[in-house]
Every structure is written in structure tokens, then in C-alpha cells.
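J.: After the C-alpha cells below, expect a handful of questions from me.
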Amino acid sequence: MNKRVEKTTDWLDERLGIAKGARSSLNKIFPDHWSFMLGEIALYSFIVLLFTGVFLSLFYIPSSQQIIYHGSYAPLRGQSVSEAYASTLHISFSVRAGLVMRQMHHWAANIFIAAIVVHLCRVFFTGSFRKPREINWIIGSILLILAIVNGFIGYSLPDDLISGTGIRIAFSILESIPLVGSYLAFFLFGGNYPGTSIIPRFYTIHVLLIPALIVALLAAHLGIMYHQKHTQYPAPKRTNKNVVGTVLWPTYALEAGGFFFITAAVIAALGGLVQINPIWLYGPYVPYKVSYAVQPDWYMGWLDGALRLMPSWEIVGFGHMIPNAFFPAVLLPGLTFTALSLWPFIEKKITKDDQVHNICDRPRDNPWRTSLGVGILTFYIVLFFASSTDVLANTFNTSLNLVLWTFRILLVALPPVAGYVTYMLTKETEGLDDAGLRRAPVIITRSKDGEYSSVVVDEEPPLHSRTRFEPQEVPEEKEYRRVARGDDNERELVGASEPSVGGDNGGVHHEGIEPHRSGGSGIFRVPRSVAGGGGPFGGRDSRRQRRRNTQE
Amino acid sequence: MSEVMPTSRGSEYDYSSMTGSRTMERFIGALFVVSLLATIGLGVTFWLGGQPQIEGALLFIALLGIGVGVVAWGKYLTPHGPFVQEREELKSSDLDREAFYKSLERGTKILGRRSFLGKMLGVSLGAFGLLQLFPFLRSLGPVPGKSLYVTDWHKGVQLVKVDGSPVTVNDLEVGGVMTVFPDGFVGNAVDQVVLVRPANYNLVTRPGRESWGPQGYLAFSKVCTHAGCPVGLYQELTQQLLCPCHQSLFDVLTGATPVFGPAPRPLPQLPIYVDSDGVLRSQSGFNEPIGPGFWERGNE
Ligand code: HEM
Ligand code: FES
């Protein structure tokens, strides 16, 4: 082991006792599956949000003070705009890399929330929320809400015509809450709409309050996941009581770390090359102006759609009113997020299942949950598309009325149909464990008499299949446990990857290894049987090492 | 290269994914170099003043080079096992649980002996919290009071255009539309009024509003009764006002009653008159709250 690493470890370990925990972390096993990347995308785009957001906050001015614009965007010169709007233009046109950062921030926000939603779907459809992971499901649901709210608030900060209209609608939605609505709206906005407080307040909420909450919840989310260990998909050798996959150090660390850069790269490409939210085209917010064919960011689409599809009802009585917007914009999301966060408990009520589940369901193996999920998802997808009724009516040159009614009918009819179709499909494929795998070939022979006979070839599994190999314990971990247990008799150790530096375990053969910290290439050496192939982590090392061995 | 690969089936590790490791190594090295070059290019771009598309492209290459390289390193040049690890049971042992209860009980018993103190503490803390909360909430904003019911329209106020000049009876052609404000409050969100002129004779939108539409001028609050957007578009052909936010349509001739979309109530109509100088003025304020609904608002 490198002397300096060792010294640092010593220093830290004597003060914090980190070696033990760090050892088990390095040896931690992560199941491999593409669907486990979805949560990672969310995490990485959040990190991009933090970086780009801090950059933006150095230049953005959260103020609705009206000034005359004199900046570098000529078409707006001389117009009265808010400082918030002017500073966003400044970021876009005059700050070096400002536009890229702004667009990256916006793209990252969209990707962040999309990744959360898809991640949520994976967890839902595989039943990964079941005991013991209910707490993380709830935390995840709260993270989704916070992300959506922060996205909306961030979208509002530039104070352009489109986002300003969004703020106006948000005020009306708050106002529509029974009993306390007008108070809530007045307290948030510092008085009647629009006032001058909302931009500075949104700013504090956007850059401090919600990000802090997200960071805290994210830490809890990941900490719990780490502690409980990942779920894994059913496969031979995988049981409810083990984890099969790659090891954190170095494989998973490289793959996950690299993936952060890939996520950031895609966001950077979008931020640099694909325009998003060109606020200079929308113009500054003016309360009596409005632009047409306005669509919010995608994650607000379902609420916008719900506002559009809602019939023009309003409840009036006993001197009070429950306004129209309450139903689609307060009640619907309220029910949605309540049901979402409580889903593990709702399902448990129905299934009475109180077992610990570490193996994911294959979606087709749980037709009931899968079809319900697809039905519900369809509902929100219809709402999402309903947010463009006007665009659709224009594009297809039909009446708004027709489009609206089509969507109202689809909203009611499509979810059950989608659910039913899914149910039939899952029933068809239920239990097909070997679906998608290569079947053993059948050799059909025709005899001279024209008689056919078939033989199933008992072929070995394909070479690339991971299941060809018996899953191993990480050798170092196994060794550690054996030593810790004390039955370290027939150990035979060999220099694994480096000649030892000082210390007393540098030789080929060893007696009584104790987990000492000084010298050697680690706590102990890897058994010969393994090292013969170059050490478990040393495919490429083996030649060098073999050379060394012969030199010895 | 092949000597590195233990291919026998007896081998405990799957190196098969590492075939061609030398090529792979070169490939990854090349990626890192490409990334480095892109980073240098990025520096030059910044130095020269920056250009969004070039910055984006170079950032992409710089980050992607590192990302793909590192992932490939992990994927092709490190063993994938598969490795296995036991899951320890999350649940503590019965002994641990018992011991926990005992320790907890030690405290609760001692505290329980002085339950009166506990209650007092609860009351004090609760009062403290509440009393912090109220001033805090109150300083966030004024209570709504009557402010949702009033606008700056009163008897005799001049209608002015966006530039502040008064609206006279000749300002709109038949079929015309404009946004107006009470004199002195141009741009005020709650005061915005859409003035339309569907005809040039007195228009009566509803019984009781016989004198509200002089010379065909009709004035409605421009704040949508659905969610507050400005009702921006006047379709002359159908005599309808359209709110672009959720496509509510209001029929002008019947007093801006909603005929389509989610808006539940007509746009409040502002009674106006033409004074002796031909200037449009309001007869009074609105006779109902403008804009979207709220709880306190009952059946007026
Ligand atoms: C939950 C994570 C976040 C989300 C979903 C999010 C989303 C957004 C969105 C959609 C915008 C509008 C961008 C535009 O088109 O102009 C925005 C603006 C902004 N965000 Fe964030 N953001 C997040 C975190 C942060 C953080 C942590 C900071 C600062 C530390 C930050 C600082 C800013 C600033 C200063 C602006 C206004 C500048 C501008 O509009 O150009 N954001 N945000
Ligand atoms: S705000 Fe006018 S239709 Fe919704």
C-alpha cells in the first residue's frame, strides 16, 4: 500500500475509526441492472443543478423593482422591466458561459424530475417499495413534490411574461383553498397579487429552503438504501438473503462516477445546443398582457391539463365558495401525492403481506399491481396531453370543443382500457421466467425412412452469461471474516499486486495474519488459488505480477 | 494479450468481459486525451469571450470523454464477479430490543413521576411556538380583509388607456377592443378592464344593466374568473372573449357569461357612461369581487 495513503488512513483512523466502515464499504456489493441507473440520473442532475444554480445566483437579482432596460439585448432597450428580468437577460447575453449555465440549469431541472418519475415507476412496478423499504418510498414521494415545487418556483424567477402568468395562476390556486386560501395567498405574496415580495421570497425558497430540504432527504434516502442494500431481480443464486452483483471498489465506483460525467455531458450538450426558455422572446411580465399557446415545463403539464378539462363547476353555499380551481389544482394533487406516499401501506392492507422482500417482482408476475399502475399512469398521461388542447386544435384544425370533449372521454375511458390490456398481457406472460433467454437448441433428424426425431441438446449456458460463474464472496471480505472469526489455520497467502513495503507480511507465506495497518498491500494477501489468475482485481496486473513472482 | 485471460472453466472469476483489454485501454486513454483537448478548447473559448454553442459542445466532449472512459474502465477492465454478499437481518436481536426497552423505561419512569412538570413544559413550549408563529405569519403579509372585494374603480373615474390618456367615445371602431385602467392606476393588476365595442348603439347585456353599455361600449374585468389570467383575445366574429390560459370563452353580448371551458362565472361588468366631453367614465365600481373565487365569497 502506498505510504501516504497509509499515513492518512492511520491519522484518520486513530481519530475517527474509519477503517472498519470503509473496509466494508469498499467490499459492498451492488446488484447490476440498467433500471438501477434511473435514480442515479436524478441524483447526478441534482448535482448539476447545484453547480449551475450557484453560478446563476452570483448574477441573478431577485427584485421586482422596475427599471429601464439598457442591456445588450437591443430589441428590449428602453422598456420598463423588473431587475429580475434584466439580470436574467444579463446572464444570458453578457455573462461568460451565462447562457449555457442558465440553459443547463433549466434542462437539468427537467431531467431531474423526469428521472425521479421514471425511477418511481421502476420502484413501483417491481414492488421494491415493500417491507422494509416503505420509509424510502415516502421520502422519495416527498422528494418528487419538492422537486416539482422548486422547478415551478425556479421557472418563475426570471419574471418573464409566461412565468408571470404562471405565478398569477398559482396565486389563484392558493386562494381557492377552503377556509385558509386567501390568507395563505396573502401571506406568501405579502398582500394582494402581484405585490413586490413574491420574487425575493421565491428566490429564498428556491435557492435555500427547498434545496436544503432536498439535500437532507436525499442523504436519508441514500443512507437508508445503503443500509438496507439494493433490491435485486430474481435469478439463479439470488435469494432474499443475499446480494449478487459487482463490488463497489473499484468496479461500481468507476461505473457510477463515470456515469455522473455522462449525465453532466448530456445536460451540457442540451444546455449549449438546445434552446430552452428564451425569455427575451416572451418579454417582461406585465399583468395585463398574456401570450398564447403557453405551455409550462413538462412536469406541470398534468395540472395544467386538469385545470383545462375540469367542467366549469363551483360550489357555492352557506355564504362560502369552493372555487373551480380547487378541484383540479388542489384536491387532485393532494389526493395524488397522499395516495402515492401511502401506497406501500395501501397495498399491504390489500395483500396482507408482511414479509421482507429483497427480490423485485417482475412486473408481469404481479398482474394486478402492474395493470393498476398502468391504468393510473395513463390517467396522468392523458392529463398531460390535455395541457395542449389549444395547440392540438390549431394543429389539426378542429374545434376546441371537440378536442376538449375527446380528452374528457379519454380521461375516463383510457385508464381502464389500458389497465385491462395490461392485465391480459401480464396474464399471458406470467411465470415465463425464461422469457427472452436462449432456449436449448433442439436437433431434429430425419431418418432414411423419413421418420423425424428430435433431441434437446443439453448445451452449456452461453459463455457470456454471468450466471456461468458461481457468485463469489469478495475474497478480501471473506478472508477478513475468516480471520475475524479466528479459524485462520490453513491459510496460504501470496503477494497479490505489489511487493510489500516494510511491514512483516510481505513474504509469500504467512502465518497468523492479523489485520494490522502497517505495511503490505492491504490488510492481508489474497489466497494463492485466486492470485494465480492475477488476483481478483488484477486481470491486467497478472502479467506484471507473474513476472514478479518468478523473480522472487 | 490472451495470456492474461484465464479461460479455463475452473477459474473463479469472469474475465471474459475483459477480452481485448489492451485495445480497450488505448481507447479509454484516447477518450481522456480528447476530453483534455476539449477542456483546453473551452479555456480558449472563454478567453476569447465565449460562444454558447461552442461552449456547450466542448463541455459535452470534455465531460463525455471522462464519463465514457471511466465507465468503460469499470465495465471492461475490472472484474464483475459476480460477487455475493449476505444480507444481515435488519431487525435487532430480541436481547437488544429488550435492553432498549429497559433503558427507555428507566427514563420514562423517572420522568413519569413528575407528570405535572411534563404538562407544564408542554404548555409553555406550545404557547411559545404559537406566539412565534402568529407574529411571523402576520408579518409575512396583511390579512385579506376587504381587499379581494375592492378595486380602484369608483363613481366617475375616467377610463384611461395603457399610455394614460383618457378613452373617448370615438376611440374604438365597432368590433374594436382595448385594455383600460382607472385614471391613475395604469398597469394595476386588479383594475384591468377590457373594453369592447360590438355595436354603436346602447347595449343591454342583462336586465338591470340598461345603462351600462353606452354607444355599444361594454367594459368587463379582464381578470379571468377561472384562475386569474388576463382575458386577452376578442373574437369579433363570435362576439366572444377568450382566455388563453385554459381556453374559457365568454359571450360578450350576454354579459361575458362563460360558454366554454372551466371558467365558472361571468366576467364582472363595469357600468360606464359617456360624460359631456365624450370621455368614458365608470358609473361605480364593480358590484361583485373580480377574478377567481375564494372561500369567503358566498352568494352575493
Ligand atoms: C431542486 C432543484 C432545482 C430545480 C428543480 C431548479 C429549477 C430551476 C428552473 C426551472 C429555473 C428557471 C431557469 C430559467 O429558465 O431561467 C431556475 C432558475 C434559477 N435557479 Fe434553480 N433549480 C434547483 C436548484 C437551485 C439551486 C440549488 C440554486 C442555487 C443555489 C438555484 C438557483 C437558481 C437561480 C439563481 C435561478 C434564476 C436565474 C435564472 O432564471 O436564470 N436553483 N431553477
Ligand atoms: S385562467 Fe382563464 S381559463 Fe383559466
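The values are calculated or read from the model by the stated rules, or taken from the named source; none is laboratory data. Everything quoted here is computed from the prediction, not taken from an experiment. Backbone-built Cβ (ideal geometry, glycine too); neighbour counts: all protein chains shown.
J.: Within region A:191-208, count every residue that is part of a helix (DSSP H, G or I) and either within 9 Å of ligand 1 (Cβ to nearest atom) or within 8 Å of chain B (Cβ to nearest Cβ) (or both). Full working, then the answer.
T.: Start the filter on region A:191-208 by keeping residues that are part of a helix (DSSP H, G or I), which leaves A:198-208.
Then keep just the ones that are either within 9 Å of ligand 1 (Cβ to nearest atom) or within 8 Å of chain B (Cβ to nearest Cβ) (or both); that gives A:203, A:206-208.
Adding up the residues that qualify gives 4.
J.: Take the conditions within 16 Å of ligand 2 (Cβ to nearest atom) and assigned to a helix (DSSP H, G or I) and apply them to B:V190. Does it pass?
T.: On the way: within 16 Å of ligand 2 (Cβ to nearest atom): yes; assigned to a helix (DSSP H, G or I): yes.
Considered against the rule, which asks whether it is within 16 Å of ligand 2 (Cβ to nearest atom) and assigned to a helix (DSSP H, G or I), B:V190 comes out as yes.
J.: Among the residues in region A:134-146, are any within 14 Å of chain B (Cβ to nearest Cβ) and not in a helix (DSSP H, G or I)? Outline the logic, then answer.
T.: At the first step, the residues of region A:134-146 found to be within 14 Å of chain B (Cβ to nearest Cβ) are A:134-136.
Those left that are additionally not in a helix (DSSP H, G or I): none.
No, region A:134-146 has no match at all.
J.: Within region A:263-275, restricting attention to residues that are within 7 Å of another protein chain (Cβ to nearest Cβ) and surrounded by 19 or more Cβ atoms within 10 Å (Cβ to Cβ), which residue is nearest to the chain's Cα centre (by Cα)?
T.: Residues of region A:263-275 within 7 Å of another protein chain (Cβ to nearest Cβ): A:264-265, A:268-269, A:271-273.
Applying the additional criterion that residues be surrounded by 19 or more Cβ atoms within 10 Å (Cβ to Cβ) yields A:264-265, A:268-269, A:271-272.
On the way: A:A264: 14, A:A265: 17, A:A268: 18, A:A269: 20, A:G271: 20, A:G272: 23 Å.
Filtering region A:263-275 for residues that are within 7 Å of another protein chain (Cβ to nearest Cβ) and surrounded by 19 or more Cβ atoms within 10 Å (Cβ to Cβ), the one nearest to the chain's Cα centre (by Cα) comes out as A:A264.
J.: So, one more: Could you check region B:225-239 and list, in sequence order, the residues that are under 18 Å from B:G187 (Cβ atoms) and more than 7 Å from every other protein chain (Cβ to nearest Cβ)?
T.: Looking only at region B:225-239, we keep the residues that are under 18 Å from B:G187 (Cβ atoms), and these are B:228-232.
Within region B:225-239, B:V231 is the sole residue that qualifies.
J.: Out of region B:33-87, which residues are aromatic (F, W, Y), within 7 Å of another protein chain (Cβ to nearest Cβ) and under 21 Å from A:G98 (Cα atoms)? Spell out the reasoning first.
T.: If we filter region B:33-87 for residues that are aromatic (F, W, Y), which is where we start, we get B:46-47, B:60, B:73, B:76, B:83.
Still in the running and within 7 Å of another protein chain (Cβ to nearest Cβ): B:46, B:60, B:73, B:83.
Correct list: B:F46, B:F60.
J.: When you go through (1) farther than 19 Å from A:L209 by Cβ; (2) within 13 Å of ligand 1 (Cβ to nearest atom); (3) part of a loop (DSSP other than H, G, I, E, B); (4) among the hydroxyl-bearing types (S, T, Y) one by one for A:S64, which number turns out not to apply?
T.: (2) is the only condition that A:S64 fails.
J.: Residues B:H226, B:H246: which one is within 27 Å of A:I177 (Cβ to Cβ), in contact with an Asp or Glu (Cβ under 8 Å, 6 or more places away or on another chain) and surrounded by 24 or more Cβ atoms within 10 Å (Cβ to Cβ)?
T.: Numbers: B:H226 fails: in contact with an Asp or Glu (Cβ under 8 Å, 6 or more places away or on another chain).
Result of the check over B:H226, B:H246: B:H246.
J.: Only one residue in A:I153, A:I198, A:I162, A:I148 is within 16 Å of ligand 2 (Cβ to nearest atom) and either at pLDDT 95 or above or within 29 Å of the chain's Cα centre (by Cα) (or both), so which one is that? Steps first, please.
T.: Details: A:I153 fails: within 16 Å of ligand 2 (Cβ to nearest atom); A:I198 fails: within 16 Å of ligand 2 (Cβ to nearest atom); A:I148 fails: within 16 Å of ligand 2 (Cβ to nearest atom).
Selected residue: A:I162, the only one of A:I153, A:I198, A:I162, A:I148 that is within 16 Å of ligand 2 (Cβ to nearest atom) and either at pLDDT 95 or above or within 29 Å of the chain's Cα centre (by Cα) (or both).
J.: Six or more apart or on different chains, Cβ under 6 Å: which pairs go from a residue in region A:229-242 that's in contact (Cβ under 8 Å) with a residue 60 or more places away in the chain and of a type in the set (K, R) to one that's in a loop (DSSP other than H, G, I, E, B) and surrounded by fewer than 13 Cβ atoms within 10 Å (Cβ to Cβ)? Could you list them?
T.: Sorted first by the residue in region A:229-242, then by its partner, the list stays empty.
J.: Select from region B:236-259 the residues that are part of a strand (DSSP E or B) and without any contact (Cβ under 8 Å) to a residue 12 or more places away in the chain and write down the one among them that is farthest from ligand 2 (Cβ to nearest atom).
T.: Start the filter on region B:236-259 by keeping residues that are part of a strand (DSSP E or B), which leaves B:240-243, B:248-251, B:257-259.
Those left that are additionally without any contact (Cβ under 8 Å) to a residue 12 or more places away in the chain: B:242, B:257.
Values: B:L242: 9, B:T257: 14 Å.
This residue is B:T257.
J.: What residue, of B:K102, B:K109, B:K161, is in contact with a strand residue (DSSP E or B) (Cβ under 7 Å, 6 or more places away or on another chain) and surrounded by fewer than 18 Cβ atoms within 10 Å (Cβ to Cβ)? So that I can check it myself, show each step before the final result.
T.: On the way: B:K102 fails: in contact with a strand residue (DSSP E or B) (Cβ under 7 Å, 6 or more places away or on another chain); B:K109 fails: in contact with a strand residue (DSSP E or B) (Cβ under 7 Å, 6 or more places away or on another chain).
After ruling out the rest, the residue left standing is B:K161.
J.: Answer yes if at least one residue in region A:129-145 is near ligand 1 (Cβ under 10 Å from one of its atoms), in the same structural domain as A:E40 (by TED's automatic domain parsing) and not charged (D, E, K, R), and no otherwise.
T.: Among the residues of region A:129-145, at least one is near ligand 1 (Cβ under 10 Å from one of its atoms), in the same structural domain as A:E40 (by TED's automatic domain parsing) and not charged (D, E, K, R), which makes the answer yes.
J.: Please work out if A:K448 is at pLDDT 75 or above, exposed (fewer than 10 other Cβ atoms within 10 Å of the Cβ) and among the basic types (K, R).
T.: Judged against the criteria, A:K448 is a match.
J.: A further question on this structure: Of these, A:A19, A:A115, which one is away from ligand 2 (no atom under 16 Å from the Cβ) and modelled with pLDDT of 95 or more?
T.: A:A115
J.: Give me the residue from region A:451-481 that is farther than 30 Å from A:P250 by Cα and of a type outside the set (S, T, Y) and, out of that set, modelled with the highest pLDDT.
T.: Within region A:451-481, the match that is modelled with the highest pLDDT is A:E451.
J.: A:H70 versus (1) part of a loop (DSSP other than H, G, I, E, B); (2) in contact with a strand residue (DSSP E or B) (Cβ under 7 Å, 6 or more places away or on another chain): which is the lone unmet condition?
T.: Failing condition for A:H70: (2).
J.: Quick one: in region A:1-29, which of the residues that are touching a helix residue (DSSP H, G or I) at 6+ places or on another chain (Cβ under 7 Å) and hydroxyl-bearing (S, T, Y) is farthest from A:V474 (Cα to Cα)?
T.: Of everything passing the filter in region A:1-29, A:T9 is farthest from A:V474 (Cα to Cα).
J.: Something else now. Evaluate the following for A:F55: is it surrounded by 16 or more Cβ atoms within 10 Å (Cβ to Cβ) and closer than 16 Å to A:L143 by Cα?
T.: Details: surrounded by 16 or more Cβ atoms within 10 Å (Cβ to Cβ): yes; closer than 16 Å to A:L143 by Cα: no.
For A:F55, the condition - surrounded by 16 or more Cβ atoms within 10 Å (Cβ to Cβ) and closer than 16 Å to A:L143 by Cα - is not met.
J.: Then there's this: If I go through region A:147-180 residue by residue, how many of them are within 13 Å of another protein chain (Cβ to nearest Cβ) and either away from ligand 1 (no atom under 14 Å from the Cβ) or in contact with a His (Cβ under 7 Å, 6 or more places away or on another chain) (or both)?
T.: Result for region A:147-180: 14.
J.: Mind listing just one residue for me: the one in region A:341-399 that is acidic (D, E) and assigned to a helix (DSSP H, G or I) and, of those, nearest to A:I139 (Cα to Cα)? It would help to see each step written out before you state the result.
T.: As a first pass, look at region A:341-399 and keep what is acidic (D, E): A:347, A:353-354, A:361, A:365, A:390.
Next cut, assigned to a helix (DSSP H, G or I) only: A:347, A:365, A:390.
Working: A:E347: 17, A:D365: 26, A:D390: 37 Å.
It comes out as A:E347.
J.: If you check B:P182 against the conditions, is it in contact with a His (Cβ under 8 Å, 6 or more places away or on another chain) and not β-branched (V, I, T)? Outline the logic, then answer.
T.: Details: in contact with a His (Cβ under 8 Å, 6 or more places away or on another chain): yes; not β-branched (V, I, T): yes.
Spelling it out, B:P182 is indeed in contact with a His (Cβ under 8 Å, 6 or more places away or on another chain) and not β-branched (V, I, T).
J.: Could you count how many residues in region A:238-251 are more than 7 Å from chain B (Cβ to nearest Cβ) and not basic (K, R)?
T.: Filtering region A:238-251 for residues more than 7 Å from chain B (Cβ to nearest Cβ) gives A:238-240, A:248-249.
With not basic (K, R) added as a condition, the list becomes A:239-240, A:248-249.
Residues flagged as more than 7 Å from chain B (Cβ to nearest Cβ) and not basic (K, R) within region A:238-251 amount to 4.
J.: Mind listing just one residue for me: the one in region B:153-196 that is touching a residue at least 60 places away in the same chain (Cβ under 8 Å) and touching a helix residue (DSSP H, G or I) at 6+ places or on another chain (Cβ under 8 Å) and, of those, farthest from the other protein chains (Cβ to nearest Cβ)?
T.: Once the filter is applied, the top-ranked residue is B:V169.
J.: Condition test on A:V180, is it assigned by TED's automatic domain parsing to the domain that holds A:F124, modelled with pLDDT under 95 and away from ligand 2 (no atom under 16 Å from the Cβ)? Outline the logic, then answer.
T.: Details: assigned by TED's automatic domain parsing to the domain that holds A:F124: yes; modelled with pLDDT under 95: yes; away from ligand 2 (no atom under 16 Å from the Cβ): yes.
It is true that A:V180 is assigned by TED's automatic domain parsing to the domain that holds A:F124, modelled with pLDDT under 95 and away from ligand 2 (no atom under 16 Å from the Cβ).
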